[in-house]
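Enquirer: Please see the structure below; I have some questions.
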Amino acid sequence: MSPETPIRVGLIGYGLAGSAFHAPLIATTPGLRLDAVVTANPERRAQLHREHPDARAVDTPEQLLADPAALDLVVIATPNRTHAPLARAALRAGLATVVDKPLAGTADEALELCRLAESQNVLLSVFQNRRWDGDFLTAARLVRGGALGRVHRFESRFERFRPKPKPGWRELADPAEAGGTLYDLGSHLVDQALTLFGPVESVYAEIDVLRDGAVVDDDAFLALTHASGTRSHLWTSALTPLLGPRMRVLGDTAGYVKSGMDPQESDLRAGLRPDGTHPWGVDQPVHYGTLGTDESAITLPTDPGDYPAYYAAIATALTAPGTPPPVDPRDAVATLTILEAARTSAATGSTVRLA
C-alpha cells in the first residue's frame, strides 16, 4: 500500500456501531475508501445505499473474506461474541484488521489474536474511540504537562438512566455475549485509566444487576491501584437518575473536574459528519471543566474531541512502514485482564492482585 492508492476497507456490520461510527469516519478519512459493507438486513442495505452509494453490499463475512485481494483493511463492528472469530478469519486471510471494543470476550482470546497478527505480520488494532473524547484529551494534556502536580486519584464515569432494559444482545445473560455495562462502557473506562496512569497492580469491584427484568450487569464500580501509585475509581451504570461528574482528576497542586459528555457520539448519531463543513468535537461552554483549587480556580475550555484521528492514524500505519497503530491490541489484553479480575473481585468480595 502507498499513500497515493486509497486503502480499500471492508466493514462487517451496519448496526449502530457500523453505520453511526465506523462508516462515517472511514468515508471521511483521506486515504481510506469504504469499499464493501456486510449486512443482509434489507433496511440496513437501503440505509447503506442512501448514505454510501459507492459501497457494495455483501451478504456474509465469508463472502467478504473469500477474495482478500480485493481489500486492504477489514473493520469488525458486530456483536461482541463474534469479534474474536471474525478477527481470526480476517487475520488468517492476511488482512489488516480493526475490531470494535472489546477485542474479544476473554483476555486469552485477545492475546491469541495479538500473536496471530504478529505471526501474519499484519496490523491489528482496537477501536477505543474514547481516547479521543475532548474531556479525556484535556485531562491527558493536564496530567502529562504537570498542571495538576502528582496525581493521586482519577475518577471517571459513564452513567445513564435507562430503567428499562432494551432488547438486544447487550442485555443477554450468556457470558459468551460479553454483554452488560462492565464490558460495554467499562472497556472505555479501564482503557482510559491505563492510558493515563499505566499498569494496574490490584482490582476491587462491585458489580450488580439492579433493574427489574435485567439479567446482566447494569451497574459497576471499579477501584484500580496503578503501579505508579495513582488510584482510579471508575463507575458505569444504566440506573443513575442524577449523573455525577464525568471526570475528576486530583493532584497535589490542582484538580480538574468536568461534567457533560463529549458531543461526537450524539453528532454522529444525528447524522453529522466530520467532513470539514462545520466545527467538529467542540464542547458547549456550559460543560467546560474547572481547573485549580477551591481557593483559586478557572473555567477551562475543553480541547476539541477528535474521533477522526483514529482512522487517520490507521491510514498512516498502513502506508508508512514501521508506524504503530493508534491503539496497540495488547492494550486490549490488559483491559480485559482487569475486567476479568473485576468479575472475580465482585464475586468473592475481595481485592484481586495482578501478577
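The values are calculated or read from the model by the stated rules, or taken from the named source; none is laboratory data. Since we're looking at a predicted model, the values are computed, not measured. Glycine also receives a Cβ, built like all others from the backbone with ideal geometry; neighbour counts cover every protein chain displayed. Surface accessibility is based on the protein's heavy atoms, side chains included, excluding ligands, DNA and RNA. Shrake-Rupley method; radii C 1.70, N 1.55, O 1.52, S 1.80 Å.
Enquirer: Can you run down the residue pairs with Cβ atoms below 7 Å, 6 or more apart or on separate chains, where the first is in the stretch 88-108 and among the hydrophobic types (A, V, I, L, M, F, W, C) and modelled with pLDDT of 95 or more and the partner is open to solvent by 20 Å² or more (accessible area, probe 1.4 Å) and assigned to a loop (DSSP other than H, G, I, E, B)?
Expert: Leu91/Val122; Leu95/Val122; Ala96/Asp72; Ala96/Val122; Ala96/Leu123
Enquirer: Considering only residues that are more than 30 Å from Leu86 (Cα to Cα) and among the basic types (Lys, Arg), which ones fall in the stretch 102-159?
Expert: Listed by number, the residues that qualify are Arg141, Arg144, Arg150, Arg153, Arg157.
Enquirer: Can you name the number of the only condition in (1) open to solvent by 40 Å² or more (accessible area, probe 1.4 Å); (2) touching a strand residue (DSSP E or B) at 6+ places or on another chain (Cβ under 7 Å); (3) more than 25 Å from Ala238 (Cα to Cα) that Pro163 fails?
Expert: (3)
Enquirer: Filter the stretch 220-239 for residues that are open to solvent by 30 Å² or more (accessible area, probe 1.4 Å) and in contact with a Gly (Cβ under 9 Å, 6 or more places away or on another chain); which is nearest to Ser259 (Cα to Cα)?
Expert: Trp235
Enquirer: Another question, then. When the residues of the stretch 292-320 are filtered to those that are surrounded by 21 or more Cβ atoms within 10 Å (Cβ to Cβ) and not in a helix (DSSP H, G or I), which remaining residue is nearest to the chain's Cα centre (by Cα)?
Expert: Among those that are surrounded by 21 or more Cβ atoms within 10 Å (Cβ to Cβ) and not in a helix (DSSP H, G or I), it is Tyr307.
Enquirer: Going residue by residue through the stretch 170-186, is there one that turns out to be open to solvent by less than 70 Å² (accessible area, probe 1.4 Å), modelled with pLDDT under 95 and over 22 Å from Ala332 (Cβ atoms)?
Expert: Yes: the stretch 170-186 contains one or more residues that are open to solvent by less than 70 Å² (accessible area, probe 1.4 Å), modelled with pLDDT under 95 and over 22 Å from Ala332 (Cβ atoms).
Enquirer: Right, here's the next one. All but one of (1) buried (at least 17 other Cβ atoms within 10 Å of the Cβ); (2) more than 28 Å from Pro321 (Cβ to Cβ) hold for Ala77; state the number of the condition that does not hold.
Expert: (2)
Enquirer: Quick one: in the stretch 321-331, which of the residues that are in contact (Cβ under 8 Å) with a residue 12 or more places away in the chain and not in a helix (DSSP H, G or I) is most open to solvent (accessible area, probe 1.4 Å)?
Expert: Asp328
Enquirer: Looking at (1) open to solvent by less than 40 Å² (accessible area, probe 1.4 Å); (2) free of Cβ contacts under 8 Å to residues at least 24 places away in the same chain, which is the only condition Pro61 fails?
Expert: Against the list (1) open to solvent by less than 40 Å² (accessible area, probe 1.4 Å); (2) free of Cβ contacts under 8 Å to residues at least 24 places away in the same chain, Pro61 comes up short only on (2).
Enquirer: On the basis of being of a type in the set (A, V, I, L, M, F, W, C), in contact with a Leu (Cβ under 9 Å, 6 or more places away or on another chain), open to solvent by 40 Å² or more (accessible area, probe 1.4 Å) and under 27 Å from Arg144 (Cα atoms), does Val282 make the cut?
Expert: Against the criterion (of a type in the set (A, V, I, L, M, F, W, C), in contact with a Leu (Cβ under 9 Å, 6 or more places away or on another chain), open to solvent by 40 Å² or more (accessible area, probe 1.4 Å) and under 27 Å from Arg144 (Cα atoms)), Val282 does not qualify.
Enquirer: Next question. Looking only at the stretch 71-104, filter to residues that are β-branched (Val, Ile, Thr) and more than 18 Å from Ile7 (Cα to Cα); which one of those is farthest from the chain's Cα centre (by Cα)?
Expert: Thr82
Enquirer: Which of the residues that make up the stretch 32-50 are open to solvent by less than 90 Å² (accessible area, probe 1.4 Å), more than 27 Å from Ala317 (Cα to Cα) and among the charged types (D, E, K, R)?
Expert: Scanning the stretch 32-50 gives a single hit, Arg45.
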